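Notes follow once the structure below has been shown.
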Amino acid sequence: MVMHSGVDFYAIREVEVEKSKQAFTVHLNLVDSIHKANINNPKQLGEKHLHVYMRDSTSYTLDEPHTIPLNKVARIEKVD
């Protein structure tokens, strides 16, 4: 899974959806160099990916979990 926020993107290593709070909590990593090179053309890798696009351009840190309201998600796209 990859999360896009403005011009930044992050690899989602853990995600927990909290339906009662209408939010999800993520732990983020940097996208590895192979995926970074193909971020705009993921079909070249021949893998399935889930991309989460945020409505804003918040910068996220990698050393802590982030709880994000679902209304901040612009769209979710599955790439085969």
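Collect the residues in the range 1-39 that are of a type in the set (Asp, Glu) and at pLDDT 70 or above, keeping them in residue-number order.
Residues satisfying the conditions are Asp8, Glu14, Glu16, Glu18.
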Do any residues in the range 40-64 that are at pLDDT below 90 have Cβ atoms under 6 Å from those of residues that are part of a loop (DSSP other than H, G, I, E, B) and surrounded by fewer than 10 Cβ atoms within 10 Å (Cβ to Cβ), where the two are at least six apart or on different chains, and which pairs are they? Lys48/Asp80
Near pairs, Cβ below 6 angstrom, 6+ apart or cross-chain, from the range 1-14 (more than 14 Å from Leu62 (Cα to Cα)) to any residue that is hydrophobic (A, V, I, L, M, F, W, C): Met1/Ile12; Met1/Leu50
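The values are calculated or read from the model by the stated rules, or taken from the named source; none is laboratory data. As the structure is a prediction and not an experimental result, all values here were calculated from the model. Virtual Cβ from ideal backbone geometry, glycine too; neighbours counted across all protein chains shown.
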